[in-house]
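*Asks:* Sharing a structure, written as C-alpha cells. Questions coming.
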Amino acid sequence: MSSSPTETTVDPHHERRWLILGILGIAQLMVILDATIVNIALPSAQGDLGFSDDNRQWVITAYALAFGSLLLLGGKIGDLIGRKHVFIIGLLGFAAASAVGGAAGSFGVLVVARALQGVFGALLAPAALSILTTTFTDPLERNKAFGVFGALAGVGGGVGLLLGGVLTEYLSWRWCLYVNLAFAIPAAIGAFTVLHSNTQHGTGRRPRLDVPGTVAVTGGLFALVYGFSNAETNGWGAPLTIIMLAASVVLLAAFVAIQLRVKEPLLPLRVVLDRNRGGSYLAIGIVSTGMFGVFLFLTYYMQRTLEMRPVETGLAFLPMNFSIMGVIAVASTRLLPRFGPRPLIAGGMALAAIAMAIFAQLETSSGYATGVLPGLIVMGLGMGLVFSAAMATATLGIEPRDAGVGSAMVNTTQQVGGSIGTALLSTLFASAASGFAADNAGRFQGQQLVLESSMHGYVTAFWIASGILAVGAVVAGTILRPGAQVQPEGEPGGAPAMAH
C-alpha cells in the first residue's frame with residue numbers, strides 16, 4: 001500500500017489501522033450480539049423476576065427503541081465533539097448499563113438498563129463505523145476492513161444466540177448482560193490508547209445541532225418502532241398502534257422537509273440520495289427484516305419442536321456463521337472490486353429469499369440436518385454477499401464531515417429493519433397459528449395441536465420473509481448502479497484520507 005507522507009501526517013491513525021480495526025470490531029460485535037443474546041436468556045429472566053408474557057417483549061424492545069431512534073443524533077454528536085470521546089463514552093456507558101441490567105432485582109430496572117444500553121449503543125456504533133470509514137483510505141484495504149466489519153454484522157446475531165445459550169445454561173441469565181463488560185472495558189482502554197481526538201469542523205466555528213430535525217427524526221423512528229411493537233402485542237387495529245404509525249409518517253416527512261430547508265441539517269440529503277449509497281441502506285434494512293425473523297423463529301422451532309437445549313440451538317446456527325465468513329473473505333477482496341455492489345447485493349438477497357423458502361418446507365417431523373441446515377448455509381451465503389458489499393458501499397465516497405451521520409444510517413437501517421421484521425413477522429405468526437388452531441381443533445389434540453399450529457405460524461412467517469427479501473433483490477437490482485465503483489483519491493468526498 002502506498003501512502004504519501006502528507007497523508008500519514010494528516011491521518012495519525014494510518015500506521016495503527018489494523019489495531020484500530022480490532023478495537024472497533026470488538027465494539028461492533030458487542031452491539032450486534034446484544035440484539036439477540038438476551039433472547040435465549042428471556043425465559044430464565046422471566047422465571048426469576050416474575051414478569052408476564054405480555055411484558056417480556058419490552059426487554060428486547062426497550063433496547064431497539066432507544067438504539068434505533070437515537071442513532072442519527074449519536075452520529076452527529078460524534079461529528080461535532082470528536083469520535084474518540086463519543087466512542088469511549090459509549091463503551092463505558094454501555095458497560096455500566098449492562099452491569100445494572102445484570103444485577104436487576106425487578107422487571108422495571110431490567111427494562112431501564114436495556115434502554116440505557118440502547119442510548120449508549122447509539123453513541124458508540126456510528127462513531128466506530130465512521131472511524132473505520134476515515135481510517136482506511138486505500139480501496140483494497142478498505143474492502144478488507146469493511147469485509148471484517150460486515151462479517152461481524154452478519155455473524156453477531158448468531159454468536160449472540162450461542163453465547164446466550166452457553167451463559168444461561170451454565171451460569172445464569174444475568175451473565176448475558178455482565179459479559180458486555182468483557183467487551184466494552186478492553187475496547188475502551190484500547191481506544192483511549194490508540195485513537196487520536198478529532199472533530200470534523202476544523203474551522204474556528206463549531207457547527208450547530210439541527211434541533212428541529214433531531215426532534216422530528218428521533219420522534220419519528222421511536223413512533224415507528226413502538227407502533228410495530230405495539231401491533232405485535234395488541235394488534236394492528238389497536239388505537240395506539242394506529243396513532244404511533246401515523247405519527248411516524250408525519251414526523252419522518254417533517255424531518256425530510258426540515259433537512260431541505262435548514263443550513264446545517266442533521267442528515268444532509270446528499271448522503272442518502274446517491275443511488276449506490278441509498279440502495280445499500282435500503283438493502284441493509286430489508287435483509288435485517290428477514291434475518292431477525294430467522295433467529296427468532298428458528299430458535300423457537302429448534303427448542304420447542306426439535307427439543308434442542310439452548311446450547312445446542314446456539315451451536316446449530318454456527319454453519320450459517322461460517323458460511324457468512326467464507327463468502328465475505330472472497331466477496332470483499334475479489335468480487336466487490338471487480339463487479340461492484342449491484343450483483344452482490346441483489347444476488348445475496350435472492351439467495352436469502354431462497355433460504356427462507358427452504359425453511360418454509362419444514363414440518364414438525366423434519367430433522368436438523370435435512371431440514372434446517374441447508375437453509376442456514378444458503379442464508380449465510382446470501383447474507384455474506386449483502387453485508388460485504390452494502391456496508392462498504394454505504395460509506396464509500398462520503399465527505400469526512402458527513403461520516404458520522406452516514407455511518408449512523410447503516411446502523412439505523414439495520415436496527416429499524418430488525419425491529420420492524422421482528423414485530424411484523426411475530427404478528428403474522430401469531431394470527432396464522434391461532435387461525436390454524438381454531439380450524440384444526442378436531443384434527444389434532446393437546447400438545448400435537450400446539451406443535452402443528454406453531455409450525456403453521458413459522459411456515460407463514462418464512463414465506464412472508466421470503467417475499468420481502470425477493471422484493472428487496474428486485475429493488476436493489478433496480479436502484480444500484482452497474483459496474484465497480486472507483487474511489488477517486490484526493491477529491492472532496494472521494495477519498496476520506498483527510499478525515500482525521
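Bear in mind these aren't lab numbers, they're just calculated from the coordinates by the rules spelled out. Here the structure is a predicted model, which means the values were calculated and not measured. Cβ: placed from backbone, ideal geometry, glycine included. Neighbour counts: every protein chain shown.
*Asks:* Quick one: grab the alpha carbon gyration tensor of the range 43-105, order the square roots of its eigenvalues as a ≥ b ≥ c, and give me rounded if a/c is under 1.5, else prolate or oblate depending on whether a/b is larger than b/c.
*Replies:* Because a/c hits 1.5 or more and a/b fails to exceed b/c, the range 43-105 counts as oblate.
*Asks:* Once both axes come from the Cα atoms, what is the angle between helix 17-33 and the longest principal axis of the chain, in degrees from 0 to 90, rounded to 10?
*Replies:* Orientation of helix 17-33: about 30 degrees from the principal axis.
*Asks:* Then there is this: Among D138, D79, D402, which comes first, then next, by fewest other beta-carbon atoms within 10 Å?
*Replies:* Going from least to most buried by this count: D138, D402, D79.
*Asks:* Sequence gap at least 6, Cα distance under 8 Å: using those rules, report the relative contact order of the range 211-265 to the nearest whole percent.
*Replies:* The normalised contact order for the range 211-265 reaches 44 percent.
*Asks:* Give me the percent relative contact order of the chain, please, defined on Cα pairs under 8 angstrom at least 6 residues apart.
*Replies:* 23 percent
*Asks:* Going 7 Å from the Cα of A238 toward and past its Cβ, which residues in the range 408-451 have a backbone nitrogen under 19 Å from where you end up?
*Replies:* Under cut-off, by backbone N: 419-435.
*Asks:* Now a separate question. Please report the spacing between the Cα centers of the range 15-31 and the range 244-278 in Å, no decimals.
*Replies:* Comparing the Cα centres of the range 15-31 and the range 244-278, I get a distance of 30 Å.
*Asks:* If I fit a long axis through the Cα atoms of helix 446-479 and take the longest principal axis of the Cα atoms of the chain, what angle between them do I get, 0 to 90°, rounded to 10?
*Replies:* 30 degrees
*Asks:* So, one more: Taking the simple approach of a point 7 Å from Cα along Cα-to-Cβ for both E399 and S365, what is their distance in nm?
*Replies:* It works out to 6.4 nm between the two label points.
*Asks:* Under 1.5 on a/c is rounded, so check that first for the range 327-440, then, if it is not, pick prolate when a/b is larger than b/c and oblate when it is not; a ≥ b ≥ c are the square roots of the alpha carbon gyration tensor eigenvalues. If you can, show how the numbers build up before the last one.
*Replies:* Details: a/c = 3.78, a/b = 1.65, b/c = 2.29.
Since a/c reaches 1.5 but b/c is at least a/b, the shape of the range 327-440 is classed as oblate.
*Asks:* Need the C-alpha centroid separation for the range 99-176 versus the range 350-392, integer Å.
*Replies:* Distance between centres, Cα-based: 23 Å.
*Asks:* Given labels modelled 7 Å from the Cα in the Cβ direction, how far is it in nm from R338 to L273?
*Replies:* Between R338 and L273, the simple spin-label model gives 3.6 nm.
*Asks:* Within the chain, which is the longest segment containing none of the GluC sites (Glu not before Pro) that sit in a DSSP loop and have at most 15 other Cβ atoms within 10 Å?
*Replies:* With GluC sites (Glu not before Pro) excluded where exposed in loops, the chain gives 1-306 as its longest stretch.
*Asks:* Roughly how tilted is helix 318-330, in degrees to the nearest 10 and between 0 and 90, from the longest Cα axis of the chain?
*Replies:* For 318-330 against the chain, the angle is about 30 degrees.
*Asks:* Another question about this same structure. What lysines does K263 reach when the alpha-carbon gap must be under 25 Å and sequence neighbours fewer than 8 apart in one chain are set aside?
*Replies:* Straight-line reach from K263, under 25 Å: K76.
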